[in-house]
Amino acid sequence: MTAVAFVRGVSSSFEQCVTARPPDPPLNPELAATQHAQYVAALERGGYQVIAVPVDDDLADSSFIEDTAVVVGTRVLITRPGHPSRRHEVETVAAALTSRFPLHRVRRPAMIDGGDVLKMGSSIFVGRSDRTNEEGILAIAAIAEPLGMSVTSVPVARVLHLKSGVSALDDGTLLWHRDACEREVFDGFEVLEVVGDDPEAANVVRLADGGILVAEHHPETAALVTGKGFTVATTDVSEFARADGGLTCLSIRVR
Ligand code: CIR
């Protein structure tokens, strides 16, 4: 099966993104659009067929498409994002996915952001965060467990999403920052610790060819991952980082 990545271009209202602190200077939609195009090119070089979901200029955060849908095996769960301003993002994404996957829906009061969902082979770890609640985690379990996958709820308190501070290099190896969650959650997996002050340094994308895409502003992560024997590519996503997003947030990947 061809590996596919769904992306959504940058909204002209990008400067209105939800952020924990007001960005100074304000967010720059043109710079974000340039970086987004480079990100897409990096995904394509890494073996993904990229499918673009139509841009919506009214939805500031919509380029963070990962939060709107969770792929579990052959099924897709259309989320109900935790931040109310982001709930309208899902319909266009659902329309783009529906011809390829059976879609499942999340109902109120469940909330899920895809950034909280970390898949490691048949193990799925889901952050219980400000954006994802217990009902949302149960909705994922309802789809995943019949497929033989396990779902583990992970308390997340110091970062936006679980994957704001942990991500997969392969099905058995993780990059992890101490602010993401307790390390013991991943007993049985190989855990590489990313040190430093920025948990997003542990957010990387697995490319379809087995390589790893790392944010250009985290050279220490690139060195760590290269030292582990992975081929590393880098791309500049600094403008998205200022909007509290990382590399994984910008695509929904199906390998
Ligand atoms: C938000 O606060 O929802 C966006 N500004 C950033 C979302 C980042 N998404 C992700 O980590 N999956």
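No value in this document is a laboratory result; all are computed from the given coordinates. These numbers were taken from a predicted model, which means no experiment stands behind them. Every residue, glycine as well, gets a Cβ built from its backbone with ideal geometry; the counts of neighbours run over all protein chains shown.
Brief remarks on what is shown
- Dipole magnitude for the range 70-190: computed about the Cα centre from +1 point charges on Lys and Arg Cβ and -1 point charges on Asp and Glu Cβ, it is near 540 debye.
- Once both labels are positioned 7 Å from their Cα atoms along Cα-to-Cβ, the gap between Asp58 and Glu15 label points is 2.1 nm.
- Cα gyration tensor shape of the range 5-63, rounded if a/c is under 1.5, else prolate or oblate by comparing a/b with b/c: prolate
- Bridges between two residues of the chain, per DSSP, are antiparallel at a rate of about 45%.
- Amide H contacts of Thr152 (H built 1.01 Å from N, in plane; Pro and chain starts excluded): Ile124, Phe125, Val126 sit under 5 Å, all sequence-distant by 5 or more or on other chains.
- Across the range 190-198, rounded Karplus estimates of 3J(HN,Hα) from the backbone phi angles (6.51 cos²θ - 1.76 cosθ + 1.60, θ = phi - 60°) give 7, 10, 9, 7, 9, 9, x, 8, 9 Hz, Gly and Pro being marked x.
- Between Glu184, Glu135, Glu239, the Gaussian network model of the chain with springs among Cα atoms under 10 angstrom shows the greatest mean-square fluctuation at Glu184.
- Max mean-square fluctuation residue, GNM over the chain, Cα-Cα springs under 10 Å, options Arg183, Arg21, Arg158: Arg21
- Take every pair of alpha-carbon atoms less than 8 Å apart whose residues are at least six positions apart; their mean separation over the length of the range 80-217 yields a relative contact order of 18 percent.
- Scalar couplings 3J(HN,Hα) for the range 58-75, obtained by applying the Karplus form with A = 6.51, B = -1.76, C = 1.60 to θ = phi - 60°, are 8, 10, 4, 8, 5, 5, 7, 4, 3, 6, 9, 7, 10, 8, 10, x, 9, 10 Hz; x denotes Gly and Pro.
- The charge dipole of the range 4-254, taken about its Cα centre with unit charges on the Cβ atoms of Lys, Arg (+1), Asp and Glu (-1) only, comes to about 780 debye.
- Unit charges at the beta carbon, dipole of the range 101-252: most positive-side option, Gly121, Val204, Pro102: Pro102
- For the range 192-255: rounded, prolate or oblate by the Cα gyration tensor [a/c cutoff 1.5]: oblate
- Note, ³J(HN,Hα) from phi for the range 213-218, Karplus 6.51, -1.76, 1.60, rounded to Hz, x at Gly and Pro: 9, 10, 5, 4, 7, 10
- A simple packing score, the average count of other Cβ atoms within 10 Å per residue, orders the peptides 215-227, 96-108 as 215-227, 96-108, with the highest score first.
- Amide H contacts of Val72: Leu77, each under 5 Å away and 5 or more positions distant or on a separate chain (H built 1.01 Å from N in the peptide plane; Pro and chain starts excluded).
- Taking packing as the residue-averaged number of other Cβ atoms within 10 angstrom, the listed peptides 199-210, 34-45 run from highest to lowest as 199-210, 34-45.
- Of Val76, Val53, Val18, the one that fluctuates the most in a GNM where the chain has Cα springs shorter than 10 Å: Val18
- As an equivalent ellipsoid, the range 4-254 spans semi-axes of 23, 23, 18 angstrom, where each value is the square root of five times an eigenvalue of the C-alpha gyration tensor, largest first.
- Whether the range 140-255 is rounded, prolate or oblate, judged on the alpha carbon gyration tensor where a/c under 1.5 counts as rounded: rounded
- Peptide packing for 185-193, 118-126 was compared via the average number of neighbouring C-beta atoms within 10 Å per residue; ordered from the highest value, the list is 118-126, 185-193.
- Placed amide H near Ser11: partners under 5 Å, 5+ positions off or other chain: Ser62, Ser63
- Model label sites at His104 and Thr34, defined 7 Å from Cα along the beta-carbon direction, differ in position by 4.3 nm.
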